[in-house]
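Some notes on the structure that comes next.
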Amino acid sequence: MAATAGVDSVLQEFQQRQRPNGTAAVLAIGTANPANCLHQDEYPDWYFRVTKSDHLTTLKNKMKRICEKSGIRKRYFHCTEEMLAGHSEFLDPALPSLDARLAIAADAVPELAAAAAARAIAEWGRPAADITHLVLSTSSSAQSPGPDLRLADLLGLRPTVRRTLLFFHACFGGSSALRVAKDIAESHRGARVLVAVCEVNSLLSFRPPQEARLDGLVAAALFGEGAGAVIVGTADDDQAEPVECPIFYMMSASQATLPGTEDALSMQLGDAGYDIGLSAKAPALVRDHIEACLANMVAPLGLTSGGCGGWNSLFWAVHPGGRAILDSCEAALALEPGKLAASRHVLSEYGNMYGASIVFVLDEIQRRRRRNGDQRERHDMLDCEWGVMLGVGPGVTVETMVLLHAAGKQDEY
């Protein structure tokens, strides 16, 4: 018994030294995009011209209608017309092109991620060498060592930084990475986790239109490219620096998979790059199941859809997977107009950037709060201190996180 008591005492003392007392928080956010910007109203003409498909007039007109209804104004791409001219294999699905695509992405992913991370680190206010953990999520790479190693080198992180690489989580990759970062920060005293989410998937998925694959047209009209970075740490622990100011506290995180929906959203990697599958059923699946997923997550925190104000009492950071996905979430939760304004803005200005999109949405919410200050209207989404971050991707997988905005902290920025 004495030996057991001794072990228990050692374990308790060890845990007290090893684990922080605070709650994980978002401490800084940074974003970046490739330089090549294409406006949505010009994209069908550009796309059919560079793929030498102008003769497919019916298909081109369909794509124009898709673009008009997409809710997207412009998107950014690493892939350029000059690059396509130098890689004819990208325009012929019968030719193997995966090696060439991955070779370009091998540099593009860490470099774009580093641009976003540098902005987050600058906002954070501490040296890059103080980062203890790195979590990188991408679906635009497939090699080892991975882009996390190159990213650490570009940023000058310590050789002892603990790296975690998430591959092929696609549209819920950013939410997954933030969940992992929360777990790390709350398990290691003094941990400062750099989350980087980077997607340059036009390099891997660009191909000519096919009359038999209308979902390919939707994908070509929907996806853009970008990188988001977040610094996560327990800013109220005893090792927090005065320069650090929490933006969002990460209160609770969960993941759920909708049974029997594996084929609704998919990405298959083959000799010709990615083959992206988008089922027309996806928005309905979200509409029918999203409220149950959310209710199960928020109930332990005392936040319920039937509480004061219902779902409208929260602010919302929803992955902008497309206009139909956002409309489905809004309808299922009976959200007031404007509740998804940040998500719709990101969709409009950047398209769906896979997992990186959610970081842009968090950044947009914070930008609006700073801009509006104390002049917020009563029903503005930013009046609500509690909020939900929601990611949806292949599986169909639903990633959720309850956030608490660091009220009163914004004046310190």
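The values are calculated or read from the model by the stated rules, or taken from the named source; none is laboratory data. Here the structure is a predicted model, which means the values were calculated and not measured. Cβ sites come from the backbone with ideal geometry, for glycine too, and all protein chains shown count toward neighbours. What goes into the accessible areas is simple: the full protein's heavy atoms, side chains included, and nothing from ligands, DNA or RNA. Shrake-Rupley method; radii C 1.70, N 1.55, O 1.52, S 1.80 Å.
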The stretch 44-83: number of residues that are open to solvent by 40 Å² or more (accessible area, probe 1.4 Å) and not polar (S, T, N, Q): 16
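Restrict the check to the stretch 44-66 and report whether at least one residue is over 19 Å from residue 214 (Cα atoms) and without any contact (Cβ under 8 Å) to a residue 40 or more places away in the chain. Walk me through how you get there before you give the answer.
Filtering the stretch 44-66 for residues over 19 Å from residue 214 (Cα atoms) gives none.
The answer is no; no qualifying residue exists.
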Subset tally (residues that are assigned to a loop (DSSP other than H, G, I, E, B) and among the aliphatic types (A, V, I, L, M)) for the stretch 118-146: 2
Failed item, numbered, when residue 70 is tested on (1) assigned to a loop (DSSP other than H, G, I, E, B); (2) over 30 Å from residue 175 (Cβ atoms); (3) among the small types (Gly, Ala, Ser): (2)
Candidate set from the stretch 79-112 (those that are closer than 18 Å to residue 221 by Cα and not in a helix (DSSP H, G or I)); member that is farthest from the chain's Cα centre (by Cα): 80
Condition check for residue 115: open to solvent by 20 Å² or more (accessible area, probe 1.4 Å), part of a loop (DSSP other than H, G, I, E, B) and touching a residue at least 40 places away in the same chain (Cβ under 8 Å): no
Given (1) in contact with a helix residue (DSSP H, G or I) (Cβ under 7 Å, 6 or more places away or on another chain); (2) under 30 Å from residue 152 (Cβ atoms); (3) part of a loop (DSSP other than H, G, I, E, B), number of the condition residue 76 does not satisfy: (3)
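Listed residues 287, 376; which is basic (Lys, Arg) and at pLDDT 90 or above? Working first, answer last.
On the way: 376 fails: at pLDDT 90 or above.
Criteria check complete, one pass: 287.
Can residue 295 be described as touching a helix residue (DSSP H, G or I) at 6+ places or on another chain (Cβ under 6 Å) and either farther than 21 Å from residue 66 by Cα or at pLDDT 90 or above (or both)? Show your work before the answer.
Values: touching a helix residue (DSSP H, G or I) at 6+ places or on another chain (Cβ under 6 Å): no; either farther than 21 Å from residue 66 by Cα or at pLDDT 90 or above (or both): yes.
So residue 295 does not fit the description; no.
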Of residues in the stretch 157-210 being surrounded by 23 or more Cβ atoms within 10 Å (Cβ to Cβ) and β-branched (Val, Ile, Thr), the one modelled with the lowest pLDDT: 200
Filtered residues of the stretch 333-359 (kept if in a helix (DSSP H, G or I) and either at pLDDT below 95 or open to solvent by less than 10 Å² (accessible area, probe 1.4 Å) (or both)): 342, 343, 346, 347, 354, 355, 356, 357, 358, 359
